[in-house]
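The values are calculated or read from the model by the stated rules, or taken from the named source; none is laboratory data. As the structure is a prediction and not an experimental result, all values here were calculated from the model. In this analysis, Cβ positions are derived from the backbone assuming ideal geometry, glycine residues included, and neighbour counts consider all displayed protein chains. Note: areas computed on protein heavy atoms with side chains; ligands, DNA, RNA excluded. Shrake-Rupley method; radii C 1.70, N 1.55, O 1.52, S 1.80 Å.
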Amino acid sequence: MDLQKFGIKLFIKQGNIYSPKDFIPVFHNWIQNSSLPEHLLIDVVDYSHIYDGPGVLLTAHEGHISLDNEHEMPGLFYLRKTKISGDFIERFKTILSTSLFIANLCQNNESFNSIQFLSNSFRFISNDRLLAENNDKNQIMLSKEVKEALASIYPKVNWIMEDYSQKEERLAFTVKLEDNKSNIFT
């Protein structure tokens with residue numbers, strides 16, 4: 001499968017208090033300073049009034065960055081929209097490293113130094129219902145491909161795939177480290 005449009009959601013630790021609206025000036029600052037390499041940052045949109053929606057969205061030509069609360073699980077979601085060269089493993093590495101870079105930008109921002117991300121899990125979300133229909137066959141195949149990509153990045157870590165999306169949703173699943181000693185940020 002030549003899946004190009006997919007993303008990673010890094011979960012925000014419970015107890016972190018923030019308002020997605022507080023990120024609006026931060027995202028505008030990122031646009032002004034071209035803070036995200038290899039991305040043309042365009043605009044910020046406030047969707048925080050929509051229940052289970054994208055929260056605050058930073059649009060870029062290459063993808064979207066949002067602070068959402070989908071399924072009452074707050075997180076930072078990077079969704080790639082444009083093609084990336086290479087096989088799935090290379091594309092996955094690019095999207096994961098971009099997600100981690102953005103999370104570090106958030107954590108290192110003076111306004112949000114209290115925001116911390118879970119270092120032992122994330123959510124993989126496909127955004128191509130035509131190519132990656134949400135069915136058992138595709139869930140199994142993409143779980144395997146994600147595990148292979150993670151094995152190339154974290155060779156001594158075991159991963160558990162769980163919390164598969166419902167049939168009417170986009171294909172998605174949560175990826176967790178088997179042990180709590182490892183860290184996706186290292």
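Which one is nearest to residue 5 (Cα to Cα) among residues in the range 154-175 that are modelled with pLDDT under 95 and touching a Leu at 6+ places or on another chain (Cβ under 7 Å)?
Here the residue is 165.
Quick check, is residue 97 small (Gly, Ala, Ser) and assigned to a strand (DSSP E or B)?
When the stated conditions are applied, residue 97 does not pass them.
Across the range 12-64, what is the number of residues that are open to solvent by 20 Å² or more (accessible area, probe 1.4 Å) and within 15 Å of the chain's Cα centre (by Cα)?
Qualifying residue count, the range 12-64: 6.
Output yes when any residue across the range 52-75 is farther than 19 Å from residue 34 by Cβ, acidic (Asp, Glu), touching an Asp or Glu at 6+ places or on another chain (Cβ under 7 Å) and free of Cβ contacts under 8 Å to residues at least 40 places away in the same chain, and no when none is.
yes
If you go through the range 116-162, how many residues are touching a residue at least 40 places away in the same chain (Cβ under 8 Å), in a loop (DSSP other than H, G, I, E, B) and exposed (fewer than 14 other Cβ atoms within 10 Å of the Cβ)?
1
Do we have residue 111 as in a strand (DSSP E or B), open to solvent by 20 Å² or more (accessible area, probe 1.4 Å) and at pLDDT below 95 here?
Against the criterion (in a strand (DSSP E or B), open to solvent by 20 Å² or more (accessible area, probe 1.4 Å) and at pLDDT below 95), residue 111 does not qualify.
Could you please tell me which pairs satisfy a Cβ distance under 9 Å, a separation of 6+ or placement on different chains, a first residue in the range 82-110 that is within 20 Å of residue 2 (Cβ to Cβ), and a second residue that is among the β-branched types (Val, Ile, Thr) and in a loop (DSSP other than H, G, I, E, B)?
Correct list of pairs: 90/84; 91/84; 94/84; 95/84; 96/184.
Mind listing just one residue for me: the one in the range 65-90 that is buried (at least 17 other Cβ atoms within 10 Å of the Cβ) and of a type in the set (Asp, Glu) and, of those, nearest to residue 29 (Cα to Cα)?
68
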